[in-house]
Amino acid sequence: MADLGLRHPIKVVSERTGLSPHVIRVWEKRYAITQPERSEGNQRLYRDEDIERLRLLRQVTEAGHPIRTVATLSLDELRALLTAPLRGTTPEAFRSEAVPRRSPTPERSRTGPELVEACLAAIAAMNAAELESILDEAGVSLGQVALLNQVICPLVHRIGDGWQAGTLKVAHEHLASAVIRTFLGNAARPFAVHASAPMLICTTPSGQIHEIGAALAAAAASNHGWRVTYLGPSLPAEEIASAVLQSHSRAVALSIVHPADDPQLSVEIKRLRRLLPENVPILVGGAAAGAYRKTLESVGAKVCQSLAEFTEALDQLRQGSN
C-alpha cells in the first residue's frame, strides 16, 4: 500500500463519476465492474482507472444500454460504444476477444414489465421501502433512459388506471406519488447541468393534484440536459407565469391526468397562454391531456402523447434556440 495516496474513497468517486455510492456498491456486487482495495478501516479505495471505468459506464447506461450488457466491456470498448456512429449498435459489436472478460454474477436481472408488476405489488401492500428498493434495482439494472421508459412511465399509467378503476385507493396513489417523486428527484441527473442549458418549468395546472407525470417529465428533461425547476402540483396560471419570468425559462411542461372534464382547466390554460411571453411554448402530457386537445391547440400548446414525443419536442426547442 505504498501508493495509498493514489487511491480515492467512494465519496470522491461518486463526485467524479456522477454515480451515487449506492449504485457503485450494487454494480460491484452484481457485476464485479471494479475491485477496489480496502483501507485499514475496511473502506473502499479506488484507482484513477476505476473512476474512469465508472464514469464511462454511467455515460453508456444513460445512452440506453443496460448495465448487464456493458459491465464486462473494457475501457477502450466503452469509449468505442460511446462514439459509435450508428444507432442501435449493440455492445457485443465492440467486444475484443483479446481483452479478458470480467465474470458478472449469474443473477438474472428482472425485465421492465416484471419490475412494474413488482412495484404495483409493493404499492398494493403499502410498502414504501420495498417500492423504493425495486426502483433502485431498476435504475441499476436498466440505466436512466430505460428506467424512465420501461418502468416509471408504464407504472404511472398503471397507477392512474388502478386509481380510476377503484383497485387502488387514494392512499395507495399518495404513497406511490411520494416515493416516485423523491426517487425521480434523486435520480435526475446527479451531476451539474451546464449553466448555459435552457431552463424548463414543470408543474400541473390548478385543480390537477396528480403530480407523478410532472415529476416524470422533470426527470426526463433533466436527464436530457435541461435545467429544470419542478414546482409541484396544482398551480394557478399566475404563479406558473411568474416562475417562468423570474427564471427566464425556455418552456413550460404541464401534466394533466384527472379529471378529463374540468371546465375551469380550459380557462386556466387560456389564462396561462395570455400571461406567458409569446416565445415560451407550453408542452402538455398526461392521461387526460387529449380531452382538452381543442383548448390546447387553440393556444398553440404541444400535446405529447409519450415520453419520446416530449423529449423530441425538447430537442426541437433547443435546436431552435441555438
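Quick one: is Val244 within 15 Å of Ala313 (Cα to Cα), of a type in the set (Val, Ile, Thr) and either touching a residue at least 12 places away in the same chain (Cβ under 8 Å) or part of a loop (DSSP other than H, G, I, E, B) (or both)?
Here the answer is no, as Val244 does not meet what is asked.
Going through Gly166, Gly232 one at a time, which residue ends up being surrounded by fewer than 16 Cβ atoms within 10 Å (Cβ to Cβ), without any contact (Cβ under 8 Å) to a residue 40 or more places away in the chain and not assigned by TED's automatic domain parsing to the domain that holds Asp261?
Gly166
For the stretch 282-301: of the residues being surrounded by fewer than 18 Cβ atoms within 10 Å (Cβ to Cβ) and not in a helix (DSSP H, G or I), which is nearest to the chain's Cα centre (by Cα)?
The residue in question is Gly300.
Can you tell me which residue within the stretch 302-322, out of those that are surrounded by fewer than 18 Cβ atoms within 10 Å (Cβ to Cβ) and polar (S, T, N, Q), is farthest from Ser266 (Cα to Cα)?
Asn322
Could you list, ordered by first residue, the pairs with Cβ atoms under 8 Å in which the first is in the stretch 261-272 and surrounded by fewer than 20 Cβ atoms within 10 Å (Cβ to Cβ) and the second is outside any loop (DSSP other than H, G, I, E, B), at least 6 apart or interchain?
Going by the 8 Å Cβ cut-off, the qualifying pairs are Asp261/Ala291; Ser266/Tyr292; Ser266/Thr295; Lys270/Thr295; Lys270/Ser298; Arg271/Ala237; Arg271/Glu238.
Can you tell me which residues in the stretch 1-59 are over 22 Å from the mean Cα position of the chain (by Cα), β-branched (Val, Ile, Thr) and within 20 Å of Leu142 (Cα to Cα)?
Those that are over 22 Å from the mean Cα position of the chain (by Cα), β-branched (Val, Ile, Thr) and within 20 Å of Leu142 (Cα to Cα): Ile33, Thr34.
Output the residue which, of all residues in the stretch 235-260 that are surrounded by fewer than 21 Cβ atoms within 10 Å (Cβ to Cβ) and either touching a Ser or Thr at 6+ places or on another chain (Cβ under 6 Å) or aromatic (Phe, Trp, Tyr) (or both), is nearest to Ala195 (Cα to Cα).
For the stretch 235-260, the residue satisfying everything is Ser247.
The values are calculated or read from the model by the stated rules, or taken from the named source; none is laboratory data. The shown structure was predicted, so the numbers you read here are calculated from the model rather than taken from an experiment. Virtual Cβ from ideal backbone geometry, glycine too; neighbours counted across all protein chains shown.
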